[in-house]
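Structure first, then comments.
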Amino acid sequence: MSRTVASALENLDPPPDWILLDLWLSDGDGEDVLRHVRAAGIPSHVAVISAGLDSERIASLQPLQPDLMIPKPISFEKLLEACKLTRSAGRDEPDSAGRPHLRRSD
């Protein structure tokens, strides 16, 4: 568990299966962690979990393709269910940057 951007960046090797990312970290913005993960091609799933997910913030995060964006508060059970559903949805063809994106189900 990392409480800072610096610590989160240090803990990406080896890449975790999932990164549960709050946007409000004590030394900066969690969006910087997501930006680094995507730019470095780290294959982790990323769930952004924050009380600060207004429409403007969601729009700024969408190009970084988080796997999930979940407003706080959320129970552990609901978080686990969302992660399982995302994982079981599989992945489509990679995007133009070579990253896979979520397969959308009808």
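Observations on the model:
Yes/no per residue for (1) out of contact with any helix residue (DSSP H, G or I) (no Cβ under 8 Å at 6 or more places or on another chain); (2) over 22 Å from residue 42 (Cβ atoms); (3) loosely packed, with under 11 Cβ neighbours inside 10 Å; (4) at pLDDT 90 or above:
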| position | (1), (2), (3), (4) |
| --- | --- |
| 61 | no, no, no, yes |
| 67 | no, no, no, yes |
| 70 | no, no, no, yes |
| 73 | yes, yes, yes, yes |
| 84 | yes, no, yes, no |
| 90 | yes, no, yes, no |
| 94 | yes, no, yes, no |
| 97 | no, no, yes, no |
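- When the range 48-57 is filtered for residues that are among the aliphatic types (A, V, I, L, M) and surrounded by 15 or more Cβ atoms within 10 Å (Cβ to Cβ), the ones remaining, listed by number, are 48, 49, 53.
- A Cβ distance below 6 Å, combined with a sequence gap of six or more or placement on separate chains, defines the contacts here; from the range 1-23, residues that are touching a residue at least 24 places away in the same chain (Cβ under 8 Å) reach residues that are assigned to a loop (DSSP other than H, G, I, E, B) and among the polar types (S, T, N, Q) in the pairs 4/26; 8/2; 15/44; 16/44; 19/44.
- Subset of the range 19-43 [closer than 22 Å to residue 78 by Cα and exposed (fewer than 15 other Cβ atoms within 10 Å of the Cβ)]: 24
- Residue 41, sole failed condition from (1) within 18 Å of residue 82 (Cβ to Cβ); (2) at pLDDT 95 or above: (1)
The values are calculated or read from the model by the stated rules, or taken from the named source; none is laboratory data. Predicted, not measured: the structure shown is a model, and the values here were computed from it. We place every Cβ from the backbone using ideal geometry, glycine too, and count neighbours over all the protein chains shown.
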